[in-house]
């Protein structure tokens, strides 16, 4: 079973949750950003033509080329909530691994190490590294202490008042009660297959399968939260 949930406990016993993302959405985000940078570079090359390919024109072109290639992701990630245009289009964002906003230093490190991740060709090192750890961190992320998470808007949770509460048929341990409440609260962030997968684990409590099991867990969770 695959669970991309990432949790950090902060002082006060408060848990912060995030959903890390794998290579596919990150690849699409990179392709979008690459296309945007390509357009800027093309426009820049046309603007530098009147000054000649060598001398002043060539010098300015190389300076701006460096800035676009290396500062484009850093400035967007630092000043645009961890998102480049490509990341925003894919609903993902870069954060520190303690779930705090990315800083200039951490963003700079993770982006400079793209050179290593690119080796030997087409980001094979970065891809292999992402697939070798549960947080999908490439070398740049590991060195900088950053994660890429999903920030897509989740479905609004159904108000508890609309859920018909159901008392469990047997007495449950405190850990089981907590798990059911957690399932109810997290359901809007989970895909339907993932909900069914988790509900299957608790079939011994609900005695139901598939969507019926999910609904039963929601009703029991509402009962534990005091809905009557």
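Values quoted throughout were computed directly from the atomic coordinates according to the rules given, and no laboratory measurement underlies them. For clarity, every value in this text was computed on a predicted model and none was experimentally measured. Because the Cβ atoms are built from the backbone with ideal geometry, glycine has one as well, and the counts that use them run over all protein chains shown.
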Query raised in the report: For the chain, modelled as a Gaussian network with Cα springs under 10 Å, which listed residue fluctuates most, 182, 97, 33?
Result: 182
Query raised in the report: In what order do 84, 103, 206 fall by count of nearby beta-carbon atoms within 10 Å, going from fewest to most?
Result: 103, 206, 84
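I need the peptides 126-133, 168-175 ranked by packing, meaning the mean over residues of other C-beta atoms within 10 angstrom, with the highest value on top. Don't skip to the end; give the middle numbers.
Details: 126-133: 15.4, 168-175: 10.0.
Sorting 126-133, 168-175 by mean packing, highest first, produces 126-133, 168-175.
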Query raised in the report: Sorted from largest down, what three extents in whole angstroms do the Cα atoms of the range 160-224 have along their principal axes?
Result: 28, 26, 19
Query - Cα-based convex hull, the range 78-124, per residue volume (Å³, whole number) - result: 90 Å³
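Run the helix sum for the chain: -39,500 (n - 2.57) per DSSP H stretch of 4+ residues, divided by residue count, reported at 222 nm to the nearest 500 deg cm²/dmol.
Dividing the helical sum by the residues of the chain leaves -15500 deg cm²/dmol.
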Query raised in the report: Once label points are set 7 Å from the Cα along Cα→Cβ at both residue 100 and residue 203, what is their separation, rounded to one decimal in nm?
Result: 4.6 nm
Report task. Divide, for the range 87-182, the radius of gyration over alpha carbons by 2.2 N^0.38 Å, where N is the residue count. Result -> 1.61
Requested in this report: Output the relative contact order of the chain, whole-number percent, from Cα pairs under 8 angstrom with separation of 6+ residues.
Outcome: 17 percent
